[in-house]
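Have a look at the structure below, then the notes.
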């Protein structure tokens with residue numbers, strides 16, 4: 001099939017992506033250092049944890065802020081033009097969906113720099129590295145070819161789980177693992193993960209496969225890379241969901257045992 005990829009020089013394509021996303025890369029990286037130098041030290045738990053965890057703490061604060069922003073922007077884009085989803089057109093985008101994709105690209109690039117710096121000093125760094133590289137490759141193709149508006153919008157909404165994942169870690173480090181807040185935050189994380197990263201993300205994959213004729217108009221190498229990256233992301237979502245479910249069941253059993261002990265003492 002003849003690829004529709006334009007004849008623009010690759011430098012021009014990269015330049016266009018950089019102009020849209022680089023300011024956000026610097027903004028999120030600047031926010032990380034602002035957290036590290038001024039905001040995070042206000043928390044006692046932050047001051048008491050080791051150095052590498054301090055880096056993770058600040059990165060988590062930034063990722064929570066980004067998640068709220070990108071989810072709001074993508075929901076707004078879908079509400080303003082539901083055609084992003086209902087048209088079933090792989091090449092349909094809007095200025096709002098494109099801007100959200102540029103912001104997301106910039107954030108992921110910024111966070112990737114931190115992941116590469118810390119590497120094994122942060123837990124789950126291999127999965128995180130794979131996740132970020134796949135996103136940059138896929139979103140780079142979407143931005144370069146002005147496509148994938150429905151997929152990026154839905155994928156961005158999956159970020160709604162991030163603040164709850166981060167809050168779970170914050171509470172754990174603060175020694176609040178046995179609190180009611182920790183328990184209900186975990187339940188919210190589990191429910192939102194299922195709705196967004198299992199249901200929505202799977203639906204986005206079905207839509208991607210259904211639009212495969214348009215997808216392959218990008219050219220076989222690019223289409224194959226998009227499908228590969230989606231499959232890698234799909235695998236990670238389900239792998240992480242399995243871990244969350246295991247943790248939730250363990251927490252429920254522990255909570256039930258504590259309740260039984262209290263009842264017996266009464």
Exercise. Normalise the Debye intensity by I(0) for the stretch 160-263, one equal point scatterer per Cα, no solvent, then take log10 at q = 0.20 Å⁻¹ and round to two decimals.
Key: -1.00
Self-check item: Rg [Å, one decimal], Dmax [Å, integer] - the chain, C-alpha atoms
Solution: 20.3, 77
Quiz prompt | the stretch 33-166: relative contact order as a whole-number percent, Cα under 8 Å and 6+ apart | solution = 36
Practice problem: Please determine, in degrees from 0 to 90 and to the nearest 10, the orientation of helix 201-210 with respect to the longest principal axis defined by the Cα atoms of the chain, where the helix direction is its Cα long axis. | Solution: 20
Self-check item: Cα→Cβ-extended label distance, 7 Å offset, between residue 253 and residue 199, nm
Solution: 2.8
Self-check item: Residues 74, 63, 251 arranged by fewest to most Cβ contacts within 10 Å
Solution: 251, 63, 74
Quiz prompt | Part-to-part distance (alpha-carbon centres) for the stretch 27-60 and the stretch 117-141, which is given in Å | solution = 20
Quiz item: Label residue 89 and residue 121 with points 7 Å out from Cα along Cα→Cβ: what is the distance between them in nm?
Solution: 4.9
Quiz item: Tell me, Kirkwood radius of the stretch 114-166 from alpha-carbon pair distances, in Å?
Solution: 12.7
Quiz item: Can you sort 138, 231, 152, 71 so the residue with the fewest Cβ neighbours within 10 Å comes first?
Solution: 231, 71, 138, 152
Exercise. Let me have the 222 nm mean residue ellipticity of the chain computed from DSSP H runs of 4+ only, each contributing -39500 (n - 2.57), with the sum over all residues rounded to the nearest 500.
Key: -25500 deg cm²/dmol
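Values in this text are rule-based calculations from the coordinates and carry no lab data. This is a predicted model, so every value here is computed, not measured. With ideal geometry, Cβ positions are generated from the backbone for all residues, glycine too; neighbour counts draw on all protein chains shown.
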